[in-house]
Amino acid sequence: MTYTTLISAPALQALRTSGAPLMVFDCSFDLAQPSAGQEQYRNSHIPGAVYAHLDTALSALHGAPGAHGAVITASEADTPVSGGRHPLPSREKFAIWLSSVGFANSMQAVVYDRQGSAFCGRLWWMLKWLGHDAVAVLDGGLPAWQGQSGELAQGDEAAHFQSNFRLSPPLRQMVSAQQVWARLQQPGQTLIDARAAPRYRGEVEPLDPVAGHIPGALNRPFTDNFTPDGLFKSPALLRTEFEALLAGRTPASAVHHCGSGVTANPNVLAMELAGLGKTTLFAGSWSEWCSDSARPVERG
């Protein structure tokens with residue numbers, strides 16, 4: 001069986017014992033302390049899981065700290081295909097990273113974190129963007145795995161043999177800041193901002209130099225997709241909530257963004273779980289938008 005949206009902890013346990021080609025990725029991260037996620041991984045993770053660092057594996061950052069404290073220089077980093085605080089690497093560059101950790105096209109990918117699925121959706125979306133459909137978010141993350149008495153490992157895992165991951169046509173689409181600006185306030189584009197309401201309204205801004213939101217954007221904090229125990233809400237409830245947010249706008253017009261193209265992805269996934277189809281990501285998000293003073297800003 002192929003999992004393309006969510007996988008439960010019991011289903012992952014069964015998949016691991018079945019011998020099916022599988023790679024699990026731990027995407028734990030802390031925006032305030034970029035090294036903390038890897039330390040969390042080393043303290044406890046699903047056995048065999050590969051650590052996917054947001055800054056160094058899932059982004060194309062110049063001058064970012066590497067896995068062992070090394071600095072990635074501009075000559076070593078890839079030219080990004082988006083802007084913002086977490087610019088996307090090119091599809092080709094990310095395929096090289098996947099090959100380096102031994103991920104192959106025949107494998108089922110399962111992604112998780114321990115921060116309420118705030119970060120693992122980034123890898124879910126990126127694999128879809130590379131044309132790999134067999135990727136699922138572990139519903140409830142590491143806490144759900146532990147709740148099912150799932151086995152844990154400590155330290156670093158042994159390196160995998162390098163593979164040759166091959167690109168396929170993208171299964172998910174992204175847009176640039178220029179495209180968003182060109183379609184601003186037009187019926188064919190419905191911007192959905194996944195940041196917390198105070199940041200959306202411009203009352204606070206802990207990460208970016210400008211507070212506020214893109215004019216006309218709707219607010220759907222990504223945390224609204226989850227039940228109190230950290231699982232995604234039911235498809236029926238998600239559909240009801242997104243249809244209320246859209247207020248008659250077509251779901252296909254949705255363009256998701258957040259601060260840097262990371263926490264918008266749970267909204268992308270939630271709309272698919274709700275049966276509302278595949279939607280688009282503005283990967284550069286607010287951090288790219290507000291970097292140009294010519295672009296309009298709305299508050300309130």
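Points worth noting:
- Scanning the stretch 278-297 for residues that are in the same structural domain as residue 238 (by TED's automatic domain parsing), in contact with a strand residue (DSSP E or B) (Cβ under 9 Å, 6 or more places away or on another chain) and assigned to a loop (DSSP other than H, G, I, E, B) returns 279, 283, 284.
- Which numbered condition residue 229 misses (of (1) over 29 Å from residue 182 (Cβ atoms); (2) assigned to a helix (DSSP H, G or I)): (2)
- Look at (1) closer than 29 Å to residue 60 by Cα; (2) part of a helix (DSSP H, G or I) and you find that residue 211 fails only one, number (2).
- Unmet requirement for residue 170, which otherwise passes all of (1) in contact (Cβ under 8 Å) with a residue 60 or more places away in the chain; (2) touching a helix residue (DSSP H, G or I) at 6+ places or on another chain (Cβ under 7 Å); (3) over 30 Å from residue 296 (Cβ atoms): (3)
- Hits in the stretch 1-13 (condition: under 17 Å from residue 49 (Cβ atoms) and not in a loop (DSSP other than H, G, I, E, B)): 7, 9, 11, 12, 13
- Looking only at residues in the stretch 256-277 that are in a loop (DSSP other than H, G, I, E, B), of a type in the set (A, V, I, L, M, F, W, C) and in contact with a Leu (Cβ under 8 Å, 6 or more places away or on another chain), the one that is surrounded by the most Cβ atoms within 10 Å (Cβ to Cβ) is 264.
- Criterion violated by residue 20 - all others in (1) part of a helix (DSSP H, G or I); (2) touching a residue at least 40 places away in the same chain (Cβ under 8 Å) satisfied: (1)
- Residue match in the stretch 78-94 (condition: of a type in the set (A, V, I, L, M, F, W, C), assigned to a loop (DSSP other than H, G, I, E, B), out of contact with any strand residue (DSSP E or B) (no Cβ under 9 Å at 6 or more places or on another chain) and at pLDDT below 95): no
The values are calculated or read from the model by the stated rules, or taken from the named source; none is laboratory data. It should be emphasised that the depicted structure is a prediction, and the values quoted were computed from it without experimental measurement. Reconstructed Cβ throughout: ideal geometry from the backbone, glycine too, with neighbour counts over all protein chains shown.
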